[in-house]
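K.L.:
First, the structure itself, so that you have it in front of you.
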Amino acid sequence: MHTVELERLKARKGARKRSEIPNDVLWALNHGKIETVNLVEWLAIDMPFLLRNSLTEVGWEEQIDDLYDQSLKLQDQGITKRLKGIGTILFQALEDEENRTEIFETLASHTSDMVRAWAAFSIAADQTFSLPERLEIMRRFAADGSFSVRECAWDALRSYLVEDLAYSLELLTEWVKDEDPNIRRCAVEATRPRGVWCKHIPTLKKNPDPGLTILEFVRSDPSNYVQRSVANWLNDASKSNPDWVINTCLRWRKESPTKETSWIIKHALRTLKKQNTLSQDIKI
């Protein structure tokens, strides 16, 4: 496919249903020539086929058939398990490669956002990194231009953050002070008490207070992307610790009377409002 044609495809609007994805778009997605633009396209990708094509580009000829066969065994899994599974497959294959750094870099900077997501999950499969090292390596994925890759970034970090939550939150204070809203948002999203499509964090459900270590820095964040994550963090907490969330919101309203904080508070209390459990004097 010519460069001009690829540029045209990059400017497309995403299809609403898989059956509506044009053949040339699906071809380019499966060959790793373009990024996805929505979840419909993300779910439509033939992962084993994309894996084979991306590894061919890397020149990893000796490994292709074996890795392809391993990826086929994941086909009955859900999307997240398949992504993580291929990440693990790549990590295991890279362990014995002399030029693994170069291969990883090629995958981590690939045109396909799904290939970059696999690279992120290959780091998640490697248990040898210290937490500071892991955060440093994952930063590129947390700052990625693709929403899908950024979602995979916090998911790839989450289980390691939970192992030593206090230390993790201390390290993440640098992330919530970063100038990149994607980095700030990742720190918040990765530590949500409930989160989306991931295991809950029981300690934060029981006592959300440690989360203030990072939340205080973003309670009036200028980015709506970050604001939504902060509000969702608090909304998560409200489902098991409503009084704590109400008190935190009341304090923030007093200490930070900004439109950004007001937006966060309004959306943080949405579940409690829906349940009619807010007192009359709490206006949102």
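Just so you know, all these numbers are worked out from the coordinates, no wet-lab data involved. Keep in mind that this is a model prediction, so the values were computed, not measured. No Cβ is skipped: glycine too gets one built from the backbone with ideal geometry, and neighbour counts run over all protein chains shown.
K.L.:
So if each residue of separation counts as 0.36 nm, and I subtract the Cα-Cα distance between residue 40 and residue 13, what length gain in nm does that give? Provide the component values of the computation, followed by the final result.
P.N.:
On the way: separation 27, 0.36 × 27 = 9.72 nm, distance 1.14 nm.
Gain on stretching residue 40 to residue 13: 8.6 nm.
K.L.:
Name the residues of segment 127-155 whose amide N is less than 15 Å from a point 7 angstrom out from the Cα of residue 163 along the C-beta direction?
P.N.:
Once the point is set 7 Å along Cα→Cβ of residue 163, 127-138 turn out to lie under 15 Å by backbone N, inside segment 127-155.
K.L.:
Calculate how steeply helix 147-163 sits against the longest principal axis of the alpha-carbon atoms of the chain, using the helix alpha-carbon long axis, and give the answer as 0 to 90 degrees to the nearest 10.
P.N.:
70 degrees
K.L.:
For the chain, the longest stretch holding no chymotrypsin sites (Phe, Trp or Tyr not before Pro) located in a DSSP loop with at most 15 other Cβ atoms within 10 Å is which? Mind showing how you got there, number by number?
P.N.:
Values: sites that count: 129, 197.
Within the chain, the longest run free of exposed chymotrypsin sites (Phe, Trp or Tyr not before Pro) spans 1-128.
K.L.:
Roughly how tilted is helix 259-268, in degrees to the nearest 10 and between 0 and 90, from the longest Cα axis of the chain?
P.N.:
With both axes taken from Cα atoms, the answer is about 80 degrees.
K.L.:
Can you compute the helix-only [θ] at 222 nm over the chain? Use -39500 (n - 2.57) per DSSP H run of at least 4 residues, normalise by all residues, nearest 500 deg cm²/dmol. It would help to have the intermediate numbers written out before the result.
P.N.:
Numbers: 18 runs with 187 residues, N = 284.
The per-residue figure over the chain is -19500 deg cm²/dmol.
K.L.:
Two decimals is fine: what's Rg over Rh for segment 129-284, C-alpha atoms, Kirkwood radius as Rh?
P.N.:
0.96
K.L.:
Related question: Enter the angle in degrees (range 0 to 90, nearest 10) between the Cα long axis of helix 47-58 and the first principal axis of the Cα atoms of the chain, meaning the one along which they spread out most.
P.N.:
Taking the Cα atoms of the chain, the angle to 47-58 is about 70 degrees.
K.L.:
How far apart, in nanometres, would the label points at residue 26 and residue 198 be if each is projected 7 angstrom from Cα along the Cα-to-Cβ direction?
P.N.:
Placing both labels 7 Å along Cα→Cβ, they lie 3.2 nm apart.
K.L.:
Take the Cβ-Cβ distance between residue 75 and residue 99 as r, set R0 to 22 Å, and report the resulting FRET efficiency rounded to the nearest 0.05.
P.N.:
0.15
K.L.:
Computed over the Cα atoms, what is the radius of gyration of the chain divided by 2.2 N^0.38 Å, N being its residue count?
P.N.:
Working: Rg = 20.8 Å, N = 284, 2.2 N^0.38 = 18.8 Å.
After normalising by residue count via 2.2 N^0.38 Å, the value is 1.10.
K.L.:
Right, here's the next one. How large is log10 of I(q)/I(0) for segment 1-140 at q = 0.18 Å⁻¹ when the intensity is taken from the Debye formula with one equal scatterer per alpha-carbon?
P.N.:
-1.05
K.L.:
Over 30 Å between C-alpha atoms is what I'm after, so list which of 73/239; 17/81; 17/206; 177/259; 205/266; 13/81 land there. The partial results should precede the final answer.
P.N.:
On the way: 73/239 38 Å; 17/81 22 Å; 17/206 40 Å; 177/259 20 Å; 205/266 20 Å; 13/81 27 Å.
Over 30 Å Cα-Cα: 73/239; 17/206.
K.L.:
State log₁₀ I(q)/I(0) for segment 141-227 at q = 0.12, 0.21, 0.22 Å⁻¹ as given by the Debye formula over alpha-carbon point scatterers of equal weight, solvent excluded.
P.N.:
-0.31, -1.00, -1.10
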